[in-house]
Amino acid sequence: MALEVAGSNPAGHPNSPLTIASSGHARLGSKRTVDWRTMSDDRWDAVDAYTTALLQPADPVLEAAIRENAELPNIAVSAAQGQFLSLLALAIKARRILEVGTLGGYSAIWMGRALPEDGRLISLELNPQHAEVARRNIARAGLESKVEVRVGAALDSLTTLKDEVGEPFDLVFIDADKRNTPEYFSAAVDMSHAGTLIVVDNVVRQGRLTDSDSDDPDTQGMRRLIEQMGADRRLTTTVIQTVGVKGWDGFAFALVVGT
């Protein structure tokens, strides 16, 4: 069976109408129509609220970080996404984590909690005010001995990190300005080993990723990133679309299989 998307498209959706085969392959057969208007942000939010309430116990430290981050841009990961990053770090037994884009430290707390006793997370932030908020939140979480926030342009900080003698990173999370993300990603691969997992947020951009005519620098940056990932034989990669309290977006994943 195929799905035919009808009615008004979601914000930024590039195609109208859209026919999707439920098998994942185009084929002849009957169709049923799905109206995007019934797939609203309210439903996505409700699912996030339901699952988070059941799967995440009350956490005063994270709740305090959310309150303090209210003064910052509303671009941090959601609670479910933060927990997902923590699960990834635990699953691969990450001991060294690199984050590009600290904001208020919410995602750093999630990943920092997954580190072993001798683990370390380095987070890069351009804005000094954001970094100060993050440091307060990280200290409240009792992670100041494991999590370091470095202030400055990420490309400069990454160059400094490359020059430092040390072990490669096990997990990299990139959630900073999108136009420079391909360069951040290249630096991350250079500081990886076989088995390193690199995660990039906000790649789908409400479907604008497919718009080859876009003059938006952030969309162009994400398109360059996906092309770059696909051409790099050292990587096994995928992109997963997401919906929820953060809207329609997605993550890119790259597992380094060769260096």
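The values are calculated or read from the model by the stated rules, or taken from the named source; none is laboratory data. Predicted model, so just to flag it, every value in this text is computed and none were measured. Positions of Cβ are backbone-derived with ideal geometry, glycine not excepted, and every protein chain shown enters the neighbour counts.
Tabulated data for the structure shown
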quantity	calculated
Every pair of residues 6+ apart whose Cβ atoms lie under 7 Å, when the first sits in the range 236-254 and is under 20 Å from residue 184 (Cα atoms) while the second is assigned to a loop (DSSP other than H, G, I, E, B)	236/257; 239/203; 249/202; 249/204; 250/203; 250/204; 251/203; 252/203
Selected residue (criterion: surrounded by the fewest Cβ atoms within 10 Å (Cβ to Cβ)) from residues of the range 216-249 that are under 15 Å from residue 174 (Cβ atoms) and among the polar types (S, T, N, Q)	237
Residues of the range 212-255 satisfying the condition of being within 28 Å of residue 45 (Cβ to Cβ) and either of a type in the set (D, E, K, R) or in a loop (DSSP other than H, G, I, E, B) (or both)	214, 216, 218, 243, 244, 245, 246, 247, 248, 249
Test set (1) of a type outside the set (Ser, Thr, Tyr); (2) on the phi < 0 side of the Ramachandran plot; (3) more than 13 Å from the chain's Cα centre (by Cα) - residue 254 fails condition number	(3)
Odd one out for residue 243 among (1) among the hydrophobic types (A, V, I, L, M, F, W, C); (2) over 25 Å from residue 93 (Cα atoms); (3) in contact with a Phe, Trp or Tyr (Cβ under 8 Å, 6 or more places away or on another chain); (4) at pLDDT 95 or above	(4)
Pairs where the first residue, in the range 124-147, is within 20 Å of residue 63 (Cβ to Cβ) and in a helix (DSSP H, G or I) and the second is of a type in the set (S, T, N, Q) and at pLDDT 95 or above, C-beta under 6 Å, 6+ apart	134/102
Enumeration of residues in the range 77-105 that are outside any loop (DSSP other than H, G, I, E, B) and either closer than 12 Å to residue 143 by Cβ or of a type in the set (A, V, I, L, M, F, W, C) (or both)	79, 80, 84, 85, 87, 88, 89, 90, 91, 97, 98, 100
Scan of the range 151-192 for residues that are without any contact (Cβ under 8 Å) to a residue 60 or more places away in the chain, more than 23 Å from residue 81 (Cβ to Cβ) and touching a Pro at 6+ places or on another chain (Cβ under 8 Å), ordered by number	151
Unmet requirement for residue 198, which otherwise passes all of (1) surrounded by fewer than 19 Cβ atoms within 10 Å (Cβ to Cβ); (2) β-branched (Val, Ile, Thr); (3) not in a loop (DSSP other than H, G, I, E, B)	(1)
Every pair of residues 6+ apart whose Cβ atoms lie under 8 Å, when the first sits in the range 69-90 and is under 19 Å from residue 116 (Cβ atoms) while the second is of a type in the set (Lys, Arg) and part of a helix (DSSP H, G or I)	86/113
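Results for (1) at pLDDT below 95; (2) touching a Phe, Trp or Tyr at 6+ places or on another chain (Cβ under 8 Å), shown as yes or no for each residue.
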| residue | (1), (2) |
| --- | --- |
| 45 | yes, no |
| 65 | no, yes |
| 95 | no, no |
| 102 | no, no |
| 113 | no, no |
